[in-house]
Amino acid sequence: MEPLVNVASVSRKFPLDHSFVSALSHASLEVEAGEFLAIAGPSGSGKSTLLNLIGCIDKPTEGHIELDGVDTSKLSPGQTTALRRRKIGFVFQTFNLIPVFTAAENVEFPLLVQGIGAGERRRRVADALESVGLSARANHRPDLLSGGERQRVAVARAIVHRPALVLADEPTANLDTKNATQLIDLMRDLNQRLGLTFIFSTHDARLLEHTPRIVRLCDGQIESDTHAVVLAGAGMVGGSNG
Amino acid sequence: MGKFLLLAFRNVFRNRRRTVMTLLMVGGGVAGLLLAGGFFAYMIDGLREHTIQEGLGHLQIFTAEHFRRDETRVLDTGIDNWRQVAATVKSGSHVRGVAPRIEFYGMVSNGAKSSVFMGSAVEPAAESSLGFTPRLSSGRDLSAKPDGEVEALIGAGLARSMGVHMGDGLTLLAVTSDGALNGVDVQIAGIVKTGYDEMDARYLRITLNSAQRLLQSDRVTNLVVGLDATANTDKAAAELAPRLKGTAQPMVLKKWIDLAAYYLQVRNMFSGIFLFLGLIVFFMVLMASVNTLLMAMFERTREIGTMLAMGTPRLWIVALFMLEATLTGALGAVAGVVGGNLLGALINASGLHMPAPPGLTVPISFHVLHLPALMIGSSLIVIVSLALASVLPAIRASRLQIAEALAHV
Ligand SMILES: Nc1ncnc2c1ncn2[C@@H]1O[C@H](COP(=O)(O)OP(=O)(O)O)[C@@H](O)[C@H]1O
Ligand SMILES: [Mg+2]
């Protein structure tokens, strides 16, 4: 079976003055459906660049990326938009909820964009809010929610249309340690319960305890790709294939 | 679609201060247009009724020949059997009355000095039954049954230049329909101020009988028809035109609008001024809002990036921004219509007057008409203006590079 995500020797250079910065160079990565994967690395290591490329909101300068067997470099802008709409859910560092929408309306938005009927939308929004434990907050506007709650609404929004892949770029960077841990646990729970594939990035190593696979980035290069087998009650047995 | 509209609507109220400023500007523009347009319309309507009531009437009947050639002798293109024509016309629905007139000219003399007059001869009873009353500054109207002495009304300017007052005598000289010179002594019954200085300098009015004697003719120049309401002019004209077909002399029926050259000039001038004001408001709103809308779009860069990342079609973003601007325009228009009408009602209640404009000798009261067409037109001006103003920001928003927009702080 082919992997859900196949990053094949991808580079991304940004023009800078009369030269360029290499934000990512020759990165290769395969992610299977159902995985829970962290991209770790210090600030400026290329985490956002890699996630943006996988999420089809940026284009590689070299190499190509396949999503579900589709070479994304061959898609027209309209097809790319449609692919993001159907297959990808995004969680952002700064939550990025629409401030004039309630929690429920924010979660509803991706369904609206997909043209799903009102009844179906209501059911799915209720399910998604339930699965992040925020049913009681459905009618609150973001400014009445705490940071942790806002990010959980964002997670609900990212999973409501049952995407093949959820991308979360430093989702915990604006949360305190307790909320950050809870958020990672929530995503891991959704991954295990609903079989959703998650790729998230962080520069905080403390959050990676329960993460089965960690890809480490440094200076735009993949340094290591670690699969950990987490055994109940036991320690971690690590194996590197990076 | 409902949610999308809701999003646009809520976004309109997102930045209260900015929205209030925009609404004030847009509403102010609409209110200004309503006040100016409403006042213009009031003046134009007033001028229309004034023109008709001053003696123009709603319809006038001439011989067809009257328009084909100039008279070589007085009344040689006049209506011959005018009593019969008048009777035919009088039976029409909406017709309140018919007044015969003679237009003539000649010399007026006080013995020492003479001047030219533009005379009109009327049947006082017919005129007053139609509500056509001369604007007398002193004296009284011509009496219906003159006892011996021939009475005349003269313009204030003519009275001044002749050095005469009410009760004084003057001599009129005119060429008869046979080409002979004839004269008549008249007594001044009243002095008239028409409202137009130029007319007042030549104005003279005597009774139809006196004029027919002076001119040695039993014809009249035209018949003036008064209707129950100005709005019925077209209907009445359509009804009367076929009835005039059977007369011995071919007749022509003219509507008031065809004869009101001055009224048309004034109306065109005010339409022009209003159009100009509309353009000013349009461009003012356009210029001011492009800036505000660009600013609003810039502040929402990350939000737009988020929506685009989630696969929102770029056209939706264009539509959202344009919808928001259009809604703002509509709200501003509503505010302007409400505000403008309130202000208008206030002005109307206050009974303000403004000084007489040049050429007119009577002051005009400050009154504003509440016209639905004007409200719709002014609202459309600002709504279209805002919608246009939003095109550039909307397109810019839709073209944002997603990754850059998301990194925007
Ligand atoms: N749009 C851009 N223009 C120029 N340089 C960029 C741009 N985006 C990222 N970079 C550079 O690429 C490198 C990686 O950035 P990024 O992927 O944002 O790192 P991280 O998310 O791990 O902090 C950094 O050196 C950054 O300065
Ligand atoms: Mg980053």
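The values are calculated or read from the model by the stated rules, or taken from the named source; none is laboratory data. Since this is a predicted model, take the numbers as computed values, not measurements. In this analysis, Cβ positions are derived from the backbone assuming ideal geometry, glycine residues included, and neighbour counts consider all displayed protein chains. For accessibility, only protein heavy atoms count, side chains too; no ligands or nucleic acids. Shrake-Rupley method; radii C 1.70, N 1.55, O 1.52, S 1.80 Å.
Matching residues to (1) without any contact (Cβ under 8 Å) to a residue 40 or more places away in the chain; (2) of a type in the set (Asp, Glu):
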| position | (1), (2) |
| --- | --- |
| A:Met1 | yes, no |
| A:Ala8 | no, no |
| A:Ala27 | no, no |
| A:Ala33 | no, no |
| A:Glu66 | no, yes |
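Filtering region B:216-232 for residues that are open to solvent by 40 Å² or more (accessible area, probe 1.4 Å) and outside any loop (DSSP other than H, G, I, E, B) leaves a non-empty set.
Could you list, in sequence order, all residues of region A:31-74 that are charged (D, E, K, R) and more than 13 Å from A:Leu165 (Cβ to Cβ)? Residues satisfying the conditions are A:Lys47, A:Asp58, A:Lys59, A:Glu62, A:Asp71, A:Lys74. Selection of first residues in region A:166-180 that are away from chain B (no Cβ under 14 Å) and of second residues that are within 12 Å of ligand 2 (Cβ to nearest atom) and open to solvent by less than 30 Å² (accessible area, probe 1.4 Å), restricted to Cβ pairs under 7 Å at least 6 apart or on distinct chains, gives the following pairs, ordered by first then second residue: A:Thr172/A:Thr202.
Answer yes or no: is there a residue in region B:5-20 that is closer than 29 Å to B:Asn348 by Cβ and open to solvent by 40 Å² or more (accessible area, probe 1.4 Å).
Yes - at least one qualifying residue is present in region B:5-20.
Taken over region A:45-98, the criterion of being small (Gly, Ala, Ser) and within 16 Å of ligand 2 (Cβ to nearest atom) is satisfied by A:Ser45, A:Gly46, A:Ser48, A:Gly55.
A:His18 satisfies every condition listed in (1) within 14 Å of ligand 2 (Cβ to nearest atom); (2) away from chain B (no Cβ under 14 Å); (3) surrounded by fewer than 19 Cβ atoms within 10 Å (Cβ to Cβ); (4) more than 13 Å from A:Gln221 (Cα to Cα) except (1).
The set of residues in region A:151-170 that are within 16 Å of ligand 1 (Cβ to nearest atom) and open to solvent by 10 Å² or more (accessible area, probe 1.4 Å) comprises A:Asp169, A:Glu170. Here the helices (runs of 4 or more DSSP H) wholly within region B:299-409 that include at least 2 residues being within 13 Å of chain A (Cβ to nearest Cβ), farther than 21 Å from B:Leu277 by Cα and touching a residue at least 60 places away in the same chain (Cβ under 8 Å) are B:301-309, B:314-350, B:402-407.
Looking only at residues of region A:205-221 that are within 16 Å of ligand 2 (Cβ to nearest atom) and open to solvent by less than 20 Å² (accessible area, probe 1.4 Å), we find that the one that is nearest to A:Glu62 (Cα to Cα) is A:Gly220. Filtering region A:25-58 to residues that are away from chain B (no Cβ under 13 Å) and β-branched (Val, Ile, Thr) leaves A:Val31, A:Ile39. Restricted to region B:155-191, and to residues there that are more than 23 Å from B:Val220 (Cβ to Cβ) and of a type in the set (Val, Ile, Thr), the residue that is most open to solvent (accessible area, probe 1.4 Å) is B:Thr171.
Please state which one of B:Leu59, B:Leu23, B:Leu34 is in contact (Cβ under 8 Å) with a residue 40 or more places away in the chain and open to solvent by 20 Å² or more (accessible area, probe 1.4 Å).
It is B:Leu23.
A quick yes/no check of all residues on (1) of a type in the set (Phe, Trp, Tyr); (2) surrounded by 21 or more Cβ atoms within 10 Å (Cβ to Cβ); (3) more than 30 Å from B:Asn11 (Cα to Cα):
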residue	(1), (2), (3)
A:Glu30	no, no, yes
A:Glu62	no, no, yes
A:Glu66	no, no, yes
A:Thr81	no, yes, no
A:Pro110	no, yes, no
A:Ile116	no, no, no
A:Glu120	no, no, no
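Taking region B:1-47 as the range and being closer than 24 Å to B:Trp316 by Cα and away from every other protein chain (no Cβ under 14 Å) as the test, the residues that pass are B:Arg18, B:Thr22. Restricting attention to region A:87-98, the residues that are surrounded by fewer than 21 Cβ atoms within 10 Å (Cβ to Cβ), more than 7 Å from every other protein chain (Cβ to nearest Cβ) and either away from ligand 1 (no atom under 16 Å from the Cβ) or hydrophobic (A, V, I, L, M, F, W, C) (or both) total 1.
Take A:Phe101 and tell me if it is open to solvent by less than 30 Å² (accessible area, probe 1.4 Å) and within 16 Å of ligand 2 (Cβ to nearest atom). Taking the combined requirement at face value, the residue does not satisfy it.
Matching residues to (1) of a type in the set (S, T, N, Q); (2) modelled with pLDDT of 95 or more; (3) under 24 Å from B:Leu5 (Cβ atoms):
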residue	(1), (2), (3)
A:Leu51	no, yes, no
A:His64	no, yes, no
A:Arg86	no, yes, no
A:Ser131	yes, yes, no
A:Pro142	no, yes, yes
A:Ile159	no, yes, no
